[in-house]
1. Taking Val181 as the residue in question, decide whether it is surrounded by 13 or more Cβ atoms within 10 Å (Cβ to Cβ), modelled with pLDDT under 95 and within 20 Å of Gln56 (Cβ to Cβ).
2. Quick one: in region 153-178, which of the residues that are under 30 Å from Asp58 (Cβ atoms) and touching a Leu at 6+ places or on another chain (Cβ under 9 Å) is modelled with the lowest pLDDT?
3. Can you tell me which of Asp150, Asp146 is over 13 Å from Glu51 (Cβ atoms) and in contact with a Lys or Arg (Cβ under 8 Å, 6 or more places away or on another chain)?
Amino acid sequence: MLRFRFLSAPVVCAAALWLSAGLQAQTPVTITGPAKIGVVNFQKAIQDTQELKKAQADMIAKFKPRQDEFDKANRDLADTQTMLQNSQGKLSPAAEADLQGKAQRQQRLAERIKEDLDNDVQQEQNATVQRLGTRMTEIVKKLMEDKGLDIILDTSSVVSYKETVNLTAEATAAYDKAYPVTAAAAAKKP
């Protein structure tokens with residue numbers, strides 16, 4: 001089983017913050033009269049997209065061989081450490097030094113594999129979050145225009161709202177419609 005989670009909730013939360021910061025950075029608009037408002041839970045809207053689910057499955061498949069390599073390196077290190085522990089006082093000083101050297105090399109190898117794996121996973125997650133975030137922002141803007149709304153807020157920054165103004169499910173459905181997950185779309189990824 002993979003020890004790291006792909007596109008975990010904190011990563012998606014980061015995407016939601018990035019999205020809402022992007023929406024807030026737009027030019028201020030003066031609204032006269034009652035404002036038409038909608039809310040979207042950006043985190044949930046992104047988490048529920050078919051593209052994110054496919055990206056998670058693809059990342060697991062892509063990085064599984066490297067995770068397996070890391071697991072094997074850890075098992076080898078544990079075996080060597082066990083041998084070293086069980087052979088205390090039974091080996092010559094030179095043999096014990098060789099075994100300690102082997103354990104140190106295995107530990108450095110495992111650390112290097114894990115570090116490289118973590119970096120590559122993080123880069124892929126960031127690229128996925130950026131792609132989905134940009135696309136979801138476009139979808140939410142289009143929803144706002146289509147519904148004649150003046151503003152859409154992220155539910156994380158709203159104290160209370162009526163469920164009738166919640167567009168989260170619509171945002172996810174519109175995203176999935178605009179960016180369907182197919183083999184061709186997955187190979188094309190911009």
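The values are calculated or read from the model by the stated rules, or taken from the named source; none is laboratory data. Everything numeric in this text was worked out from a predicted model, so none of it was measured. Cβ coordinates were reconstructed from backbone atoms using ideal geometry, including for glycine residues, and neighbour counts include every protein chain displayed.
1. Considered against the rule, which asks whether it is surrounded by 13 or more Cβ atoms within 10 Å (Cβ to Cβ), modelled with pLDDT under 95 and within 20 Å of Gln56 (Cβ to Cβ), Val181 comes out as yes.
2. It comes out as Ser156.
3. Asp150
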